[in-house]
Amino acid sequence: MRKIDPQLCYRLLYPTIPVIVTSKFKDIITAMPAVSYTMVSNNPAVIGLCIQPAHTTYRIIKKSKKIAFAWISKEDYAIIDRLVMIHGYEEKDKLKKAKIDYFLSNKTKLPIPSNSVAYIETKVIKQMEVGDHILLLSKVVASYAIEDFDNYWKFKKYKPLLYTGMEDGARFYD
């Protein structure tokens, strides 16, 4: 085996399934793809999200204290590239600018892409600085999925999108 630069070892975690992270504060709607997330507790249900503090999405989450996580199927992979190409500080409604239809979620009233196969609504309970990222811990307040999920994914309708890194746009495994 060859040695890998520790600052690049995160790439060993790929492929991973990206989510679309959304938040809303007043009339500002933000969204971004994310791969640095995980369940940190089942009871209570808590999700961890690592995010760079320079991102507009982080600044909006910090104000709203709410995060939604939405999953899309692989046929909708172009959504990721559209979101990456738009800087949040330039737009009041990043989803609209990216031509992504959405609805507001039931509990937290956060934007959810209309073609999502599942989504989780959360409220931030803690944050901490970890190196060059902020770790946000958020408690799940509601979660929803299409009928293809029955305690586990059946993978009849949902085809996971596998993200393999960023190089001239997002890269996906087919």
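The values are calculated or read from the model by the stated rules, or taken from the named source; none is laboratory data. What you see is a predicted model; the values in this text were computed from it and never measured. Please note: Cβ atoms are built from the backbone with ideal geometry, for glycine as well, and neighbour counts cover all protein chains shown.
For residues that are among the aliphatic types (A, V, I, L, M) and more than 21 Å from R82 (Cβ to Cβ), scanning just the stretch 1-17, find the one that is nearest to the chain's Cα centre (by Cα).
Of everything passing the filter in the stretch 1-17, L13 is nearest to the chain's Cα centre (by Cα).
Within the stretch 41-65, which residues are part of a strand (DSSP E or B) and among the hydroxyl-bearing types (S, T, Y)?
Passing the criteria: only S41.
I'd like the residue in the stretch 95-112 that is within 21 Å of V124 (Cα to Cα) and of a type in the set (D, E, K, R) and, out of all such residues, is surrounded by the fewest Cβ atoms within 10 Å (Cβ to Cβ).
Among those residues, the one meeting the criterion is K109.
From (1) surrounded by 13 or more Cβ atoms within 10 Å (Cβ to Cβ); (2) assigned to a strand (DSSP E or B), pick out the condition that doesn't hold for T38.
(1)
Filter the stretch 107-121 down to residues that are over 19 Å from K26 (Cβ atoms) and not small (G, A, S) and give me whichever is modelled with the lowest pLDDT.
The residue in question is N115.
Looking at the stretch 154-168 only, could you name the residues that are outside any loop (DSSP other than H, G, I, E, B) and out of contact with any strand residue (DSSP E or B) (no Cβ under 8 Å at 6 or more places or on another chain)?
M166 - this is the single residue of the stretch 154-168 that is outside any loop (DSSP other than H, G, I, E, B) and out of contact with any strand residue (DSSP E or B) (no Cβ under 8 Å at 6 or more places or on another chain).
Which pairs turn up if I take residues in the stretch 36-53 that are touching a residue at least 40 places away in the same chain (Cβ under 8 Å) and look for partners that are assigned to a strand (DSSP E or B) and among the charged types (D, E, K, R) with beta carbon separation below 6 Å, at least 6 apart in sequence or on another chain?
Partner pairs satisfying both residue conditions: P44/K139; V46/K139.
If the requirement is being more than 10 Å from the chain's Cα centre (by Cα) and crowded, with 19+ Cβ neighbours inside 10 Å, which of these qualifies: I20, I60, I28?
The match here is I60.
So, in the stretch 95-134, of the ones that are β-branched (V, I, T), farther than 13 Å from A68 by Cβ and not in a loop (DSSP other than H, G, I, E, B), which residue ends up nearest to the chain's Cα centre (by Cα)?
I134
From the list Y152, Y144, Y163, exactly one residue is among the hydroxyl-bearing types (S, T, Y), surrounded by 12 or more Cβ atoms within 10 Å (Cβ to Cβ) and at pLDDT 95 or above. Which is it?
Y144
Is it the case, given these coordinates, that L95 is aliphatic (A, V, I, L, M), in contact with a strand residue (DSSP E or B) (Cβ under 7 Å, 6 or more places away or on another chain), modelled with pLDDT of 95 or more and more than 27 Å from G165 (Cβ to Cβ)?
The answer is no for L95.
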